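The values are calculated or read from the model by the stated rules, or taken from the named source; none is laboratory data. Here the structure is a predicted model, which means the values were calculated and not measured. Here the Cβ is made from the backbone with ideal geometry for all residues, glycine too, and neighbour counts use every protein chain on show.
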Amino acid sequence: MMFFDDDDDKIDNEMMMTWCEEHGHPNNALYLDKSKQLDQTSNNPSVSNDADDKSVSLYKRAQRKDLCKWVAERMLAANPDSPMKSAYLRMLNCCEFIHQSEDGKLTTNYCSERLCPICGAIRSAQIIESYASIIESWECEDGNDNTGCFLVTLTLPSCNAAELHDFVAKMSHRFTLCVRTVKRILGKKVEALRKIECTYNEDGTMFHPHIHAVVRGLDAANALRKQWKEKTIKAGERIKDKPQDVRKCKAGSIRELCKYLCKISCKGRFDPKALDAILCAFYGRRTLQSYGFKLPPCQAIDEDELMLDTGTRVTTNLGEEIIWRWQNKHGWLNHTTGELLTTYHRTPEFERWLKKLDAGIKANTG
Ligand SMILES: [Zn+2]
């Protein structure tokens, strides 16, 4: 949801989520947690998913839980005095227990933390679910090259960790000013969905916050870029021309784009200190903001509030209450019977990938 990679990154560029998507359950069924949850929380609570869906859903949840714990442990180890420490502790316990009711309903507690792969997947699915249809409707225009959706990228020069908080505040404020100016110049409202992201350099010492915005109409997109440059120069700051980019969103790619706007990723490496600096700088700040349109109240998303889902249903062991507890690398265990809730086991491939990230941490600190 908040850390973006450059497209030229070699591997792992959507570390927290895409890995799970690409190397997920053997049958490779792809869907988003939230859409499943919507199914499950709909009017008929007695309807279960079919068995395959359920096992894929739980399998993916287990894989994210495995990653979540791994990440939280490293964030805590590398940042013992961080103001975000309690967030990492909450992550450690995200989905730690799954409660199975007598009728087979599974519920759990979520941490809602930004870095959490489980909560991040749910949140990004909510965002896609809510915004994609609105943004898609912008495409349904007259087919003119100047209409439809455009992706605008705006940057400032890199900054260090101490400057990051102010840089992010400045970017957010400047973008809002640009929208106001463009609205005045064009004499019509500017419709956009804006996301602030941040990447970091090789050794995790310099940060590159930047903005991606999906904007309706080429004139508004170009005017925003122009205003961004002008206001940055006027503030006496350096600005490079090339990174300030406007490009047409490909038809049919809006959902992909929404996914892109909320993916979590790292620079092909995992740098817990740099990530901690970013999380501290973004604390309490909205990273996603809509301009010129609002979601219907029922769909409004609070980035920091994650609704608890009602979980998935199982059709086995009905008639008894069970507490499943997370068992490292092996999914959730029924301690009474020794039974596992899912078929999940950490794969050698996943293990190797985590080892590689660990080696990267050591190389950086050692
Ligand atoms: Zn979580």
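Residue-wise test of (1) assigned to a helix (DSSP H, G or I); (2) more than 16 Å from the ligand (Cβ to nearest atom).
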residue: Leu106; (1), (2): no, no
residue: Tyr131; (1), (2): yes, yes
residue: Ile134; (1), (2): yes, yes
residue: Trp138; (1), (2): yes, yes
residue: Met171; (1), (2): yes, yes
residue: Arg180; (1), (2): yes, yes
residue: Lys183; (1), (2): yes, yes
residue: Lys189; (1), (2): no, yes
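The sole residue among Phe150, Phe175 that is part of a helix (DSSP H, G or I) and away from the ligand (no atom under 16 Å from the Cβ) is Phe175.
Restricting attention to region 153-164, the residues being out of contact with any Asp or Glu (no Cβ under 7 Å at 6 or more places or on another chain) and either buried (at least 17 other Cβ atoms within 10 Å of the Cβ) or small (Gly, Ala, Ser) (or both) number 7. Out of region 76-100, which residues are within 19 Å of Gly284 (Cα to Cα), within 13 Å of the ligand (Cβ to nearest atom) and crowded, with 16+ Cβ neighbours inside 10 Å? The answer is Ala87, Tyr88, Arg90, Met91.
Among the residues here, Phe167 qualifies as crowded, with 18+ Cβ neighbours inside 10 Å, modelled with pLDDT of 90 or more and not hydroxyl-bearing (Ser, Thr, Tyr).
With Asp203, Asp219 as the choices, which residue is in a loop (DSSP other than H, G, I, E, B) and in contact (Cβ under 8 Å) with a residue 12 or more places away in the chain? Result: Asp203 is the single residue among Asp203, Asp219 that is in a loop (DSSP other than H, G, I, E, B) and in contact (Cβ under 8 Å) with a residue 12 or more places away in the chain. Apart from one condition, Ser101 fits all of (1) in the same structural domain as His210 (by TED's automatic domain parsing); (2) in contact (Cβ under 8 Å) with a residue 40 or more places away in the chain; (3) on the phi < 0 side of the Ramachandran plot; the exception is (1). With respect to Cys119, is the statement that it is touching a Ser or Thr at 6+ places or on another chain (Cβ under 6 Å), within 13 Å of the ligand (Cβ to nearest atom), within 15 Å of Lys69 (Cβ to Cβ) and not in a strand (DSSP E or B) true? Here the answer is yes, as Cys119 does meet what is asked.
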